[in-house]
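**Student:** Can you read through this structure? Questions will come right after.
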Amino acid sequence: MINRLHVNLAGIELASPLVLASGVMGLSASSLERVAELGAGAVTAKSCGLEERKGHPCPAILPFGFGLLNAVGLANPGVDDMIAELRTFRLQSDVPVIASIFGKTVDEFAEVAARIAEAQPAMVEVNVSCPNVAAEFGRSFASDPALVGEITRRVRGRVSDIPISLKLSLQCMSIAEVAKACADNGADVITAINSVGPGMIIDPNVRRPVLANRMGGLSGPAILPLAVRAVWEIAEAVSLPIIGTGGVETAEDVVQMVLAGATAVGVGTAVYTRGLEVFSNINSDLHVFMQERGITSLSDLKGAAHV
Ligand SMILES: Cc1cc2nc3c(=O)[nH]c(=O)nc-3n(C[C@H](O)[C@H](O)[C@H](O)COP(=O)(O)O)c2cc1C
């Protein structure tokens, strides 16, 4: 039987285009394994930095009608523990695992990338949506194409044998320009987008913001049209494969992403709102969608909305 869902992402064979997005179920080998067993084509671990980092106080995740606000921050056990989790996962599963890293400085990005590569993940995803401590007001790296280009070049210099993806954010003047800087400096893949915002929800009775951190990143269906537009613009600007991420919950959402130009599709918030079965449900609905229309490969749909 042909596997209509199979995709090749920068040389990595995925049995399904669905990729577990970073930050959801990605802290341990065992939680990554559960997602892999339930039909994800690849799984991304939680972003890790050089050292352990505590997150923001609770409540840090707040569901609302159209997704989530989250202020989890970059809570993580540090690169040493993450290497151990990735190695354990690789011993137990054939599903490709993507490591995700961040840094507080350009040097730190390069160092964490070199360390995490020791675990031999299928790909290293570089999360640039974090504050640049060297910049005034700690502006995010993702907003500056030159800095993202510099991070790409430095990470590439330290990780030569594993594909690297740059995880971009809409918090910039032009995501197409940032993607170009990644392509010009050796990126293999673009992951887009990270959560949007930050946003705030105020409890009308208590008269205070609900999140302890007051504000948090917006994810889920509310951001799907923003993510589709971002993927569209990136696909017009560069020829790199894209992991289209943001608000995907259904097979139709996946098809939208692919038509905009994505090769694979990230799923994060839907794991909270629809349960872990979201992967197998989307896979079977997507198979039916393609079968009914005589589509044998997702590559036939890739970018097809661009005329
Ligand atoms: C609770 C939570 C934690 C997240 N943590 C990370 C993270 O550590 N690194 C990262 O690159 N993205 C992180 N993200 C962003 C997601 O990977 C994804 O890009 C974003 O949520 C949009 O996709 P979605 O709507 O499918 O969730 C996080 C998202 C959520 C909801």
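Every number here is computed from the coordinates shown, using simple stated rules; none is lab data. Predicted model only: the values in this text are computed from it and were never measured. Virtual Cβ from ideal backbone geometry, glycine too; neighbours counted across all protein chains shown.
**Student:** For the stretch 205-222, take each phi angle, set θ = phi - 60°, evaluate the Karplus expression 6.51 cos²θ - 1.76 cosθ + 1.60, and give the result in whole Hz per residue in order, putting x for glycine and proline.
**Tutor:** 7, 7, 6, 9, x, 6, 5, 4, 7, 6, 10, x, x, 9, 9, x, x, 4
**Student:** Only Lys, Arg, Asp and Glu count, each charged at its Cβ (+1, +1, -1, -1), so figure out the dipole size of the stretch 7-300 about its Cα centre, rounded to 20 debye. Mind showing how you got there, number by number?
**Tutor:** Numbers: 21 positive and 31 negative charges, 151 e Å.
Taking the Cα centre of the stretch 7-300 as origin, the dipole is about 720 debye.
**Student:** Based only on other Cβ atoms within 10 Å, what is the fewest-to-most ordering of V271, V255? Display every interim value, and only then the final one.
**Tutor:** Details: V271 19, V255 22.
Lowest count first: V271, V255.
**Student:** Still on this structure: Would you please classify the overall shape of the chain from the alpha carbon gyration tensor, given that a ≥ b ≥ c denote the square roots of the eigenvalues, rounded means a/c under 1.5, and beyond that prolate means a/b larger than b/c while oblate covers the rest?
**Tutor:** Details: a/c = 1.31, a/b = 1.15, b/c = 1.14.
Rounded is the answer for the chain, as its axis ratio a/c remains below 1.5.
**Student:** Further question: Fewest first, what order do F141, F89, F289, F64 take by the number of other Cβ atoms within 10 Å?
**Tutor:** Details: F141 29, F89 22, F289 18, F64 13.
Going from least to most buried by this count: F64, F289, F89, F141.
**Student:** 222 nm [θ] for the chain, helices only, -39500 (n - 2.57) per DSSP H run of 4+, per residue, to 500?
**Tutor:** On the way: 9 runs with 103 residues, N = 307.
Computed mean residue ellipticity for the chain: -10500 deg cm²/dmol.
**Student:** Given the peptides 224-232, 8-16, 197-205, 103-111, arrange them by the average over their residues of other C-beta atoms within 10 Å, most packed first.
**Tutor:** 224-232, 103-111, 8-16, 197-205
**Student:** Could you identify which residue out of C130, C48, C58 has the top mean-square fluctuation in a GNM of the chain using Cα springs shorter than 10 Å?
**Tutor:** C58
**Student:** Continuing with this model, one more query. Connecting C-alpha atoms closer than 10 Å in a GNM of the chain, tell me which of D253, D81, D144 has the biggest fluctuation.
**Tutor:** D81
**Student:** A further question follows. Using the Karplus curve 6.51 cos²θ - 1.76 cosθ + 1.60 with θ = phi - 60°, work out ³J(HN,Hα) for each residue of the stretch 178-190 in order, rounded to whole Hz, and write x for Gly and Pro.
**Tutor:** Here the 3J(HN,Hα) series is 5, 4, 5, 4, 5, 4, 5, 10, x, 5, 9, 8, 10 Hz.
**Student:** Which order do R208, R90, R139, R154 fall in if you start with the one that has the fewest other Cβ atoms within 10 Å? Can you show the working numbers first?
**Tutor:** Details: R208 9, R90 18, R139 14, R154 22.
Least to most surrounded, the residues fall as R208, R139, R90, R154.
**Student:** Can you tell which of P145, G39, V238 lies farthest toward the positive end of the dipole of the stretch 7-300, using +1 and -1 charges on the Cβ of basic and acidic side chains (Lys, Arg; Asp, Glu)?
**Tutor:** P145
**Student:** If you don't mind, another one. Which distance in Å, rounded to a whole number, links the C-alpha centroids of the stretch 49-107 and the stretch 269-307?
**Tutor:** 26 Å
**Student:** Taking square-rooted eigenvalues a ≥ b ≥ c of the alpha carbon gyration tensor, is the stretch 1-134 rounded, prolate or oblate, where a/c under 1.5 means rounded and, failing that, a/b exceeding b/c means prolate? Let's see the in-between values first.
**Tutor:** On the way: a/c = 1.81, a/b = 1.29, b/c = 1.40.
Since a/c reaches 1.5 but b/c is at least a/b, the shape of the stretch 1-134 is classed as oblate.
**Student:** Determine the percent antiparallel among the DSSP beta bridges restricted to the chain, to the nearest 5.
**Tutor:** On the way: 17 of 43 bridges.
Of all bridge pairs located within the chain, approximately 40 percent are antiparallel.
**Student:** Please list, ordered by chain and number, the residues whose modelled amide H lies under 5 Å from the amide H of I61; skip anything fewer than 5 residues away on the same chain.
**Tutor:** So I61 has HN proximity to A71.
**Student:** In nm², what is the average projected area of the convex hull enclosing the Cα atoms of the stretch 112-251? The partial results should precede the final answer.
**Tutor:** On the way: hull surface 41.6 nm².
That works out to 10.4 nm², a quarter of the Cα hull's surface.
**Student:** Too long at a 20 Å Cα-Cα cut-off: which of K46/K302; K46/K167; K104/K167; K46/K104? Could you put the intermediate results ahead of the total?
**Tutor:** Working: K46/K302 28 Å; K46/K167 13 Å; K104/K167 15 Å; K46/K104 16 Å.
Going by Cα-Cα distance, K46/K302 fall outside the 20 Å limit.
**Student:** Find the relative contact order for the chain and round it to a whole percent, using C-alpha pairs within less than 8 Å whose residues are 6+ positions apart. Before the final figure, lay out the partial values.
**Tutor:** Values: 720 pairs, mean separation 58.3, N = 307.
Rounded, it is 19 percent for the chain.
**Student:** Under the rule a/c < 1.5 gives rounded, and otherwise a/b versus b/c splits prolate from oblate, where does the stretch 23-74 land using the Cα gyration tensor? Could the numbers behind the result be given before it?
**Tutor:** Values: a/c = 2.66, a/b = 1.22, b/c = 2.18.
Because a/c hits 1.5 or more and a/b fails to exceed b/c, the stretch 23-74 counts as oblate.
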